[in-house]
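What follows is one structure encoded as structure tokens, with my remarks underneath.
The values are calculated or read from the model by the stated rules, or taken from the named source; none is laboratory data. Keep in mind that this is a model prediction, so the values were computed, not measured. With ideal geometry, Cβ positions are generated from the backbone for all residues, glycine too; neighbour counts draw on all protein chains shown. Heavy atoms of the whole protein, side chains included, go into the accessibility calculation; ligands, DNA and RNA do not. Shrake-Rupley method; radii C 1.70, N 1.55, O 1.52, S 1.80 Å.
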Amino acid sequence: MDLTLPLTLSLIVFAVGLFYRLAAWFGQGLPPVDSSLTVGRRLLAALRTIPATLFSSRLLRALRSLLVDALLQKRILDQGISRWLAHTLIVVGFLCLLLFHALDGQITESLFPDYQSTLNPYLFLRNLFGVLVLAGIGLAVVRRIRLRTRRLRSNSSDWAALAFLAAIILSGMVLEGSRIRSYSVYQEMVEEYAAFANDEDELALEAFWVAENGLSSANFPQLPAADQVTRGQEVNEGTCTECHVSNRYAFASMALAGVATPARAILGDSGAVNFFWYLHILLCFAFLAWLPFAKMFHVIAAPLNLLIRGAGGENPSLEPANLLNRQMIGLSACTHCGACSVACSSSMFFASFQNEFILPSEKVQYLQKFAAGKEKDPAVWKRMQQGLYVCTSCDRCTTICPSGINLREIFVNSRYQLLADGPPESALLSHFSFPLALAQVRIGDHLQALKKVTELFRQRFQRLADLSGPIQLDGAESTGIANHSYLGCYSCARCSNICPVVRSYEHPVEALGMLPHQIIFSLGIGKTELAMGAKMLWSCSTCYLCQENCPNQVELCDIFYTLKNSALIEAGAQT
Amino acid sequence: MNYALFLGCNIPIRIPQYATALTAVFRKFAIELVEEADFNCCGYPARNIDEQAYLLPSVRNLAIAERSGRDIVAVCNCCFASLRKAAQVMAERPEQLRACNTVLAGEGLHYSGKATIRHYLSLLYEEVGAEQIRKALTMVYDDLQIALLYGCHLLRPRRLTGFDDAFVPKIGDELVQLTGATSLDWGGRLECCGAALAGINDPLANTLLSEKISMARAAGAHYITPICAYCYLQLDTAQQKLPASPDHAANAFLPVLLYPQLLGLCLGIDTESLGIAQNSTINADDLEALRQRLIVPVQKPARKAKMADKTDKTNKIKKARETAASA
């Protein structure tokens, strides 16, 4: 059978996929992308780093990262032995099968001149490596199910990758199993290699193979007699063992040989062998073709990302072209392993806000689309914006990522871009803003985004200063505030006098809209909305001095929090 | 003894030296602070947005502490208050506790109200105690003026935090004075660093921060010692980005020292383990000057204590005699 056509086809698809990935690496970016950074300039910038790294001390660090993080996978080991074991079993088993089994004509034969696929250790190792991969897949499946409760998200691509790998290995094992059973395969071997003194020897050898090597023969519907097997063993030793060890060493395939029985019944003896052969080969080619398009691309992108990281690519003062390149390579290196989401400090906010995008692993998946300019749905946009903002900047995701993706940088960048074009984001008015203010990145963008939210308040609430004429009291309004301590206020203004915010302004009423005692007073007269619109609420330093010094135990600071929560809903910033 | 150390989100990534210094100090007193990898954010950042979103994360933390059977020791004041708040609300509102537990059940966690939350200052003051600390001192400071910044959420609201006397706290000052340093009585000691406004109203946050720095300087502070992680970040990081003021020259910062660093040096822990060089407002000269101020402790305080002990005994005997006589 000529494999040229399917192999060529899968290689073409692989090449197209790779081109598509490279185009993303050097052509896409998390906006705003500087239009002067053309693909050509970005490619050049990337290429320039190669000699710059090769002839510097960074080379050693890059190599170390490649060895320790990519090859030995220390970053995975840091997350626990079972995860490392799962991944290592798959990698080692699959790589060995690829190099020594799939490429045996090219690699194994040149390394070991006496190589025969039917001899040991090759026969045994092939089975062993297959079993290693399957064991790794088993562990990975268990992890994905077990950590589901810890917010590990598994999408179809994750399961597809595991299923694909398992199918390749299992189809190979069943193929070998069907060959073990096959009488026609046996006959071919006999014709090619054996010479018998008489017919009895020929039948005895067959009896031995039926009894010992899993052969299925119409001549022996029952297990052959012991003396015939013993005689067959002698013939076997004289004729076969030089090139073929016992099939018992192919332990996995022997065990799975029975699986091929239905196919043998339908397709016949050699038909079944052919079927499984095609199945195995085509699965391998399909996998090769699929590799650049889904998470399996990490086998290329993750080591590269780790290499870049090791070579000092984490440097924030990188030239803009390489900054973009690095971010795009980083995004493509995500394996959706979910380690970041399991460790995420904001995981409980995810539970409260019911927004998948609060989980870092889901953000990264989405951002690949975002960088490609594919996402336009405003509802998704809004959720993503919240997902990016409801983040404590604890950097656990960046620290833990086995692919070494600089998630922090990617998230910070995309956060402000979405904020610039998206709807007002209520989370800006929270302490999630603190680490951003501290880092002082994109200050102008932050202020712009902040303006959008405060504008909502200006539109929604009437300010005290705008009121003309006396406030109408209808007495029917309920404040909706569960904390009734405000009823104890007798307007002594102790709160406003002790407030460090009030004293920070020369004209506090002008700057803050209302002073603390006025806010409490307006609640007292049932004017909650007036209180909600006071700028004072968002200028409250939450120091609790007012509350602690109130002679009548009005819990001002706690009430302010409630008012802030409700004001966000009222103004339509928070749903 | 061991405790579940609650570091929150700022310390591990932005102030790792706080954790290492604190762990080293407590180890001197045979107290193990165990980092619980499963802890998540305390919820504080979401407080402005939604109350339930604010409380749930801490309920999960409480459930984790309950599972491990350890008391929580918080470092950051805002984490401390959030954990206490969650515990308080859960104790008062069973239906809210049930709702939280429903969410937690998804990952096999449950909070039944048994967790205890303490601040590390209380632990040091109450569990280790001044006497034991004094005994462990190998060096003390001579002529060192410290402006201690308690931070708001450790003290207030007092019914929630239950820490010391919210109006006239002494625990922090006594702990500072144990090292031989002077704990200054300065205007900003119990006030706000401005962190809660950073990113929301930056000019105001900066005003509050520079006010603290000027007040500490005016009081003659050699160092400012914040307790809360937010205060620390304001002072150590945000201070450097403050708009220039006539008050002080550019690049001349009021150096920031954490309490376990201050105490750690007196306990003979090396500067490296205390991570002092990682405080970005401290330069090599400051560190050298700090070392220069360290002297071998004079035995006087110990003798004084003994004398006090004696007087105490004499008083007791006197009292007993009086009681006997009156009877």
Round to a whole angstrom and tell me the spacing of the C-alpha centers of region B:1-66 and region A:479-493. 34
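Round to a whole number: what % of the accessible area of region A:123-194 belongs to carbon and sulfur, probe 1.4 Å? Mind showing how you got there, number by number?
Working: 2000 of 3150 Å².
Roughly 63 percent of what the probe reaches on region A:123-194 is carbon or sulfur.
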What ranking, highest mean first, results for peptides A:454-462, A:86-94, A:398-406 when packing means the other Cβ atoms within 10 Å averaged over each residue? A:398-406, A:86-94, A:454-462
State which entries of A:Lys527/A:Lys564; A:Lys564/B:Lys212; A:Lys451/A:Lys527 exceed 20 angstrom in Cα-Cα distance in the structure shown. A:Lys564/B:Lys212; A:Lys451/A:Lys527
At 20 °C and 1.002 mPa s, grab the translational diffusion coefficient of region A:357-444 from Stokes-Einstein with a Kirkwood Rh over Cα pairs, rounded to a whole number in µm² per second. 161
Equivalent ellipsoid semi-axes, region B:71-222, via Cα gyration tensor eigenvalues times 5, rooted, Å: 33, 23, 12
Place +1 on the Cβ of every Lys and Arg and -1 on the Cβ of every Asp and Glu in region A:178-296, take the dipole about the Cα centre, and give the residue among A:Leu223, A:Leu267, A:Gln233 whose Cα lies farthest towards its positive end. A:Leu267
Which three lengths, in whole Å and largest first, does region B:2-120 cover when its Cα atoms are put on their principal axes? 43, 29, 24
Mind telling me which of B:Leu287, B:Leu137, B:Leu265 comes out most flexible in a GNM of chain B, alpha-carbon contacts under 10 Å? B:Leu287
If you consider only alpha-carbon coordinates, what radius of gyration and Dmax does region B:184-245 have, in Å? 10.8, 32
Quick one: grab the alpha carbon gyration tensor of region A:478-570, order the square roots of its eigenvalues as a ≥ b ≥ c, and give me rounded if a/c is under 1.5, else prolate or oblate depending on whether a/b is larger than b/c. oblate
Using the Kirkwood radius over C-alpha pairs as Rh, can you work out the diffusion coefficient of region A:446-511 via Stokes-Einstein at 37 °C, viscosity 0.692 mPa s, in µm² per second? 210
Once you treat every alpha carbon in region A:182-278 as an equal point and sum by Debye, what is log10 I(q)/I(0) at q = 0.10, 0.13, 0.21, 0.24 Å⁻¹? -0.27, -0.46, -1.15, -1.39
Isolated Cys in chain B by the 4.7 Å beta carbon test? B:Cys41, B:Cys78, B:Cys100, B:Cys266
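Considering Cα pairs under 8 angstrom that are at least six residues apart, work out the relative contact order of chain A and quote it in whole percent.
15
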Just the accessible area for B:Asp185, please: 1.4 Å probe, Å², rounded to the nearest 10? 140
Counting other chain Cβ atoms within 10 Å of each Cβ in B:1-13 and taking the mean gives 3
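Find the relative contact order for chain B and round it to a whole percent, using C-alpha pairs within less than 8 Å whose residues are 6+ positions apart.
Taking the mean separation of contacting Cα pairs over the length of chain B, I get 19 percent.
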Whole-angstrom gap from region A:91-153 to region A:280-339, using each part's C-alpha centre: 22
222 nm [θ] for chain B, helices only, -39500 (n - 2.57) per DSSP H run of 4+, per residue, to 500? -14500 deg cm²/dmol
Pairwise label distance in nanometres, B:Val168 with A:Ser35, each label 7 Å out on the Cα-Cβ vector: 7.0
At what distance in nm do the modelled label points of B:Ala219 and A:Ala194 sit from each other, each positioned 7 Å from its Cα along Cα→Cβ? 9.9
I need to check one value: relative contact order of region A:208-332, counting alpha carbon pairs closer than 8 Å and at least 6 residues apart, in percent. 16
So for A:Arg148, A:Arg143, what's the accessible-area order with a 1.4 Å probe, most first? A:Arg148, A:Arg143
If you count, for every residue in A:543-550, the Cβ atoms of partner chains within 10 Å of its Cβ, what is the mean? 6
So the B/A interface buries, both sides summed and with a 1.4 Å probe, an accessible area in Å² (nearest 100) of 4700
If you take the alpha carbon radius of gyration of the protein assembly as shown and divide it by 2.2 N^0.38 Å, what ratio comes out, to two decimals? 1.22
Per-residue accessible area for A:Lys451 at 1.4 Å probe radius, Å² rounded to 10? 130
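Using a/c under 1.5 as the rounded threshold, could you call chain B rounded, prolate or oblate? The axes a ≥ b ≥ c are square roots of the C-alpha gyration tensor eigenvalues, and prolate needs a/b larger than b/c, oblate otherwise.
oblate
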Per residue of A:562-569, what is the mean number of Cβ atoms on other protein chains within 10 angstrom of that residue's Cβ? 3
Mind jotting down the distance between the C-alpha centroids of region B:162-220 and region A:175-248, whole Å? 90
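Compare the peptides A:103-111, B:118-126, B:49-57 by average per-residue count of other Cβ atoms within 10 angstrom and give them in order, highest first. Before the final figure, lay out each step's value.
Details: A:103-111: 13.0, B:118-126: 21.4, B:49-57: 23.7.
Highest mean packing first, the order is B:49-57, B:118-126, A:103-111.
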